[in-house]
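Notes to accompany the following structure.
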Amino acid sequence: MVDALSENADNNAADAFLQGGSLKHAPGPYFGGYGGRWMPESLIAALDELEDTFEKAKADPEFLAQLSDLNKNYSGRPSLLTEAKRFSEHAGGARIFLKREDLNHTGSHKINNVLGQALLAKRMGKTRVIAETGAGQHGVASATAAALLGLECVVYMGAEDCRRQALNVARMQLLGATVVPVVNGSQTLKDAINDALRDWVSNVDNTHYLLGTAAGAHPFPAMVRFFHEVIGEEARAQILEQTGKLPDAVCACIGGGSNAIGIFHGFLDDPSVKIYGFEAGGDGVDTGRHAATITLGKPGVLHGARSYLMQDDDGQTIESHSISAGLDYPGVGPEHAYLADIGRVTYEPITDSEAMDAFKLLCRTEGIIPAIESSHALAGAIKVGKRLTEGSADPSETVIVVNLSGRGDKDVETAAEWFDMLDEEGKVKGTNLSTRKPKGPADRAETEAVPATAAPAASAADNNEDQN
Amino acid sequence: MTEQTASKSAAAIDRARDAGRSALVCYLPAGYPDVQATIDAGIAMAKNGADLIEIGIPYSDPVMDGPVIQAATTEAIANGFRVESVFDVVAGITAATDVAVLVMTYWNPVVRMGVDEFSRRLAEAGGAGLITPDLIPDEASEWFAASDKYGLDRVFLVAPSSTPERLAMTVKASRGFVYAVSIMGVTGTRQAVSSSAEKLVADTHAAGAERVCVGLGVSNASHVREIAAYADGVIVGTALVAAIRDGGVPAVADLTRDLSAGLVREEA
């Protein structure tokens, strides 16, 4: 049924779109044949409760006013739309505009979603939120929203990531969150999600799972998109105001796909606007070391949704690889899978090397240090700009909007290493300044992370047993 | 429950019932530590009191499993376990015993092989059906078709959080038995059996289920005795995985014998 459904829905949606229908507000649970709820029965009641609460909140002026107030007076929205004039010279002369999600509180788009979901958690009477995090950005945002709204917060993070991102572990702890290092499976983002789901099933009475991307079981993909739609709505109004017309193209990076679906939303129903999602190509899609899920993955079910998935012939999830922790996920949101299949959005891989070139270029031409995630979108925009302006008498007629989803402060160490700015001891060459954090904080994170609450404590203790 | 196809699981549970006791359902993951060991352990469980055997397919993202089973299945995959080996395990056990052998699997490995192809090969191997921890009836249309085509049991899960509507729907969708998870949580041994299990079994029976088996956190004969008083079957997993880890096939045989001592309904 799923495949038949997919085929029919695809045809219908593609037809509807061509006839001027709308793609913007796809409600889930299915996006064509993708999405759904591939979840244990134990969690279905919680998903139903969440869906019900979300649907009511969406129609409640009081909730919307609360969210809009936080967006404006806490996050700093609307975020700017900045024309990148010197950067544009390297993109065939197309005019490139940056949607400045990097200027939001906590430094990325993540804050939009966590504030919305934390408000919903309060509405459901939940006192505790849990979250997964890769590099720590969503964990920091979750800890921030939890502190603001007086919720207990537990963040699951791969043990290896805890070591690499000790500074973000400390940030979360400063904000009052408990960080639980995940030591089972491959100890990465997908395993952090697995452990968060195990916590949720054990503590669902008082706990909301604050999932960080537009993936997972319904209602998460449609709900996370809803909280990020503000990006696309602002960007559309701003580009119209600044250029008097719609852009020729919109570009975003894709891991799970939340910043992308947020900005795409604003333009999905504008047929003249080409939309591009840039996946992490890692070392190159022919090397096997990448996170180009749509480009090379196959449909499957993981973490609650049917979507494209990096998997082997047995259906075992394959580890993804990317210089950008935020894109290093072997799945992708189901709405993206659908938009790829119907041809509305073009998804292409960008290698680590292409992303880092764009990272450096933006630093040098615009005085903005972008997140490495967002650098994939920048690299993609350069390619798209060259493509769209080829043979054009006036390339400046071509306008491209790029979602600059986050700032790069968190990536300084990775970038310094990539650009060979460090000596063997990890010190910035020619100085005595070490980029490596002392061992202390990460190790302390592991021992202090055992939280006060019962279930995660048990889980962490069990994990330790297994390790020993 | 739909019963148009003769259910191997139902027959096994009914044989135990006729003998005045609950059925013992024993779980081990395939390929831990290797495929032959799983076959040997399965046969040993059958000879020492297991009425049904659940063979788990090791999977990269087992969200319903606690640390002991995770460690075992991670090791099985690291040792080179391939999904199709599960059919060798099922065939090996069914050739040597008359227990009903079910496969417990997260859904993606089945999707990857193809639901029809997987079902055909499972039936060929003599398997009774599938237990599907992350597949709810709402998403199972392909599995309904394939299980009907090949005469396989569909064992869905119910939980203390299931609403009356979902209980009724899940009972109707199931064949063989309904798997009641005793607590809100993941697999693993626990000190005591949750009191929510008895109510869930009663509610599931009331929703029309003829056979309800209880799993999660059942690890010793005393737990088995407690659950056997009200459930049609008792499912043990983590304790058996720990046994094969620590003492190999002989330890599995001993534990199964101990567990089966708890099955007899004293009041029945």
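Quick note: the coordinates plus some simple rules give every number you see, no bench work behind them. Note that the structure is predicted; figures quoted are calculated from it, not measured. Virtual Cβ from ideal backbone geometry, glycine too; neighbours counted across all protein chains shown.
Among the GluC sites (Glu not before Pro) in the stretch A:328-435, which ones are in a DSSP loop with at most 12 other Cβ atoms within 10 Å of the Cβ? Mind listing them? In loop regions of the stretch A:328-435 (DSSP not H, G, I, E or B), the sparsely surrounded GluC sites (Glu not before Pro) are A:E390, A:E424, A:E425. Within the same chain, lysines fewer than 8 places from A:K298 are excluded, and of the rest, those with a Cα less than 24 Å from its Cα are A:K190.
Residue-normalised convex hull volume from the C-alpha trace of the stretch B:158-237: 79 Å³ per residue. In summary, the convex hull built on the alpha carbon positions of the stretch A:284-374 has an orientation-averaged projected area of 6.6 nm².
So for B:S182, A:S258, fewest C-beta neighbours within 10 Å to most, what's the order? Spell out each step's value before the answer.
Numbers: B:S182 26, A:S258 29.
With the fewest neighbours first, B:S182, A:S258 line up as B:S182, A:S258.
In chain A, the DSSP-assigned H stretches of four residues or longer account for a calculated mean residue ellipticity at 222 nm of -14000 deg cm²/dmol, using -39500 (n - 2.57) per stretch and the full residue count as denominator. The value obtained for the protein assembly as shown, namely the Cα convex hull volume divided by the number of residues, is 153 Å³ per residue. If you count the DSSP beta bridges with both ends in the protein assembly as shown, what percent of them are antiparallel, to the nearest 5? Of the beta bridges lying entirely in the protein assembly as shown, close to 25 percent run antiparallel.
When Rg and the Kirkwood radius Rh are both evaluated on Cα atoms of the stretch B:8-258, their ratio Rg/Rh stands at 0.92. In order along the stretch A:110-119, the phi-based Karplus estimate (6.51 cos²θ - 1.76 cosθ + 1.60, θ = phi - 60°) of 3J(HN,Hα) comes to 3, 4, 4, 6, 5, 5, x, 5, 5, 4 Hz; Gly and Pro are listed as x.
Placing dummy labels 7 Å off each Cα toward the beta-carbon, the span from A:A416 to B:S222 is 5.8 nm. Dipole magnitude for the stretch B:8-258: about 340 debye, using +1 per Lys or Arg Cβ and -1 per Asp or Glu Cβ, origin at the Cα centre. Neighbouring Cβ atoms from other chains, within 10 Å of the Cβ of residues in A:199-205, number 4 on average. Distance between the modelled labels on A:A65 and B:Y230, one decimal in nanometres: 4.9 nm (7 Å Cα→Cβ projection).
Fully extending the segment from A:E390 to A:L167 would add 75.9 nm, taking 0.36 nm per residue of separation and subtracting the current Cα-Cα distance.
Approximating the spin labels as points 7 Å out from Cα along Cα→Cβ, the B:D116-to-A:D312 distance works out to 2.8 nm. Listing A:F278, B:F118 from fewest to most neighbouring C-beta atoms within 10 Å gives B:F118, A:F278.
Cross-link list A:K24/A:K58; A:K58/A:K122; A:K85/A:K383; A:K360/A:K427: which exceed 18 angstrom alpha carbon to alpha carbon? Show your work: numbers first, answer last.
Details: A:K24/A:K58 15 Å; A:K58/A:K122 15 Å; A:K85/A:K383 16 Å; A:K360/A:K427 20 Å.
In this structure, A:K360/A:K427 lie more than 18 Å apart at Cα.
Ignoring lysines fewer than eight residues from B:K8 along the same chain, the ones with Cα atoms less than 19 angstrom from its Cα are B:K47, B:K149, B:K172.
Cβ crowding within 10 Å, taken as a proxy for footprinting-reagent exposure, orders A:K274, A:K386 from fewest neighbours to most as A:K386, A:K274. A straight Cα-to-Cα reach below 18 Å connects A:K126 with the lysines A:K56, residues fewer than 8 places away in its own chain not being considered. Toward the positive end of the charge dipole of chain A, with +1 on the Cβ of Lys and Arg and -1 on the Cβ of Asp and Glu, the farthest Cα among A:A355, A:P61, A:A249 is that of A:P61.
From the helices alone, meaning DSSP H stretches of at least four residues, give me the mean residue ellipticity at 222 nm for chain B, per-run term -39500 (n - 2.57), in deg cm²/dmol to the nearest 500. Please report the intermediate quantities before stating the final value.
Values: 11 runs with 127 residues, N = 268.
That comes out to -14500 deg cm²/dmol.
Scanning residues 5 or more positions from A:A84 or on other chains, those with amide H under 5 Å from its amide H are A:I96, A:F97, A:L98, with H placed 1.01 Å from N in the peptide plane.
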